[in-house]
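The values are calculated or read from the model by the stated rules, or taken from the named source; none is laboratory data. None of these values were measured; they are calculated from a predicted model. With ideal geometry, Cβ positions are generated from the backbone for all residues, glycine too; neighbour counts draw on all protein chains shown.
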Amino acid sequence: MSDVPRSLEIDEDIAFQRKEWRFQRIGVAALFLFVLAALLGLTGMGGPLSRGEAGNSNGPLHVEYERFVRRGSSSKVTLHFRGATGATRFWVSAPYLEHVQIDSVIPTPDLESVETHRHIYVIRAGSPDVTVTLNVKHEGMGSLEAEVGLVDGPSVRFSQFSIF
Amino acid sequence: MDTVLRSAAVYIFLLVIFRISGKRSLSQITTFDFILLLIISEATQQALVGNDFSMVNTCVVVASLVMLDITFSWMENRWTTFGRVVGSLPVVVVEYGHLLEDRAKREGVTLPEILTAGRETHGLERLDQFKYAILERHGGISVVPHEKN
């Protein structure tokens, strides 16, 4: 920059400007990290770090879910039941249902009942291996603790993190 | 309440994004920039309105955004530093016929763009005819030619 005195009346402040350039460089890096986090699934709606599983995949109950979900958006919780005899009777914990709204259960349950701490669903299937998909809309924010289980069998716990 | 918070969040997010992208990002809108703006507005609209397409919700969104804009303008006038943070400052990029390369590079301004501004506004042919070229807050380039002797 020249040392010639300026005739220009201007509110230039190069020290402030340098701070702004630094902010922009940091901002671009932050944007890059944000997009990377979104690609990895940390902002919900899929991605390798968002896929969660609970229970043994060869056991009677195995759950697939999204670790990171978005408030106001829907996600799927897939329940795999193995070796069920007769009707599949499973339950979802009531505290979890206070923070989510179940839009649909596929296949449609033949019976639903409500107990104090859980909601019970009964599905009559022709096969001992049944896959049930819960389409849930998340209404709460923060950590959502969930528990699902078979009425006469094991249960699994998992947690989801709901972001704004 | 949710709508007002959504509007504020989107307003501030867009403000930060456009401050990060710099003064020059959308100052000269190409066809692609125009399409990008349309896509951004469409994506933003979903977040602002959510699932509520009622007239009241639209009114709340518009009122919140305009109110935020008025408040920010008032704050910019009231506190100089806030105005600088939100709206940036002009930067001299050419001084007495010399390109201040470091500044131009950091602001993403090229010599051809500066020369174009000189030709368009004052019919200047060469860089040595420039007294000053200033990258303004809004991203445009103003040119002050050397006085004719």
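Give me the residue from region B:4-25 that is among the aromatic types (F, W, Y) and more than 13 Å from B:S88 (Cβ to Cβ) and, out of that set, surrounded by the fewest Cβ atoms within 10 Å (Cβ to Cβ). It comes out as B:F13. Exactly one residue out of B:T3, B:T31 is in contact with a Leu (Cβ under 9 Å, 6 or more places away or on another chain) and either of a type in the set (G, A, S) or away from chain A (no Cβ under 12 Å) (or both): that is B:T3.
Residues that are surrounded by fewer than 13 Cβ atoms within 10 Å (Cβ to Cβ): find the strands (runs of 3 or more DSSP E) completely inside region A:13-76 holding 2 or more of those. In region A:13-76, no matching strands (runs of 3 or more DSSP E) lie anywhere. A single member of A:V122, A:V132 is outside any loop (DSSP other than H, G, I, E, B), among the aliphatic types (A, V, I, L, M) and touching an Asp or Glu at 6+ places or on another chain (Cβ under 6 Å), and it is A:V122.
If you go through region B:89-124, how many residues are part of a loop (DSSP other than H, G, I, E, B), farther than 15 Å from B:S27 by Cβ, away from chain A (no Cβ under 11 Å) and of a type outside the set (G, A, S)? Of the residues in region B:89-124, 1 are part of a loop (DSSP other than H, G, I, E, B), farther than 15 Å from B:S27 by Cβ, away from chain A (no Cβ under 11 Å) and of a type outside the set (G, A, S).
Condition check ((1) at pLDDT 90 or above; (2) assigned to a helix (DSSP H, G or I); (3) among the charged types (D, E, K, R)) across all residues:
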{"site": "B:I35", "(1), (2), (3)": "yes, yes, no"}
{"site": "B:A47", "(1), (2), (3)": "no, yes, no"}
{"site": "B:N51", "(1), (2), (3)": "no, no, no"}
{"site": "B:V61", "(1), (2), (3)": "yes, yes, no"}
{"site": "B:L65", "(1), (2), (3)": "yes, yes, no"}
{"site": "B:D69", "(1), (2), (3)": "yes, yes, yes"}
{"site": "B:S73", "(1), (2), (3)": "yes, yes, no"}
{"site": "B:G83", "(1), (2), (3)": "no, yes, no"}
{"site": "B:V86", "(1), (2), (3)": "no, yes, no"}
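Looking for something under 23 Å from A:T43 (Cβ atoms) and out of contact with any Gly (no Cβ under 7 Å at 6 or more places or on another chain) - is there at least one such residue anywhere in region A:116-133? The answer is yes, given that some residue of region A:116-133 is under 23 Å from A:T43 (Cβ atoms) and out of contact with any Gly (no Cβ under 7 Å at 6 or more places or on another chain).
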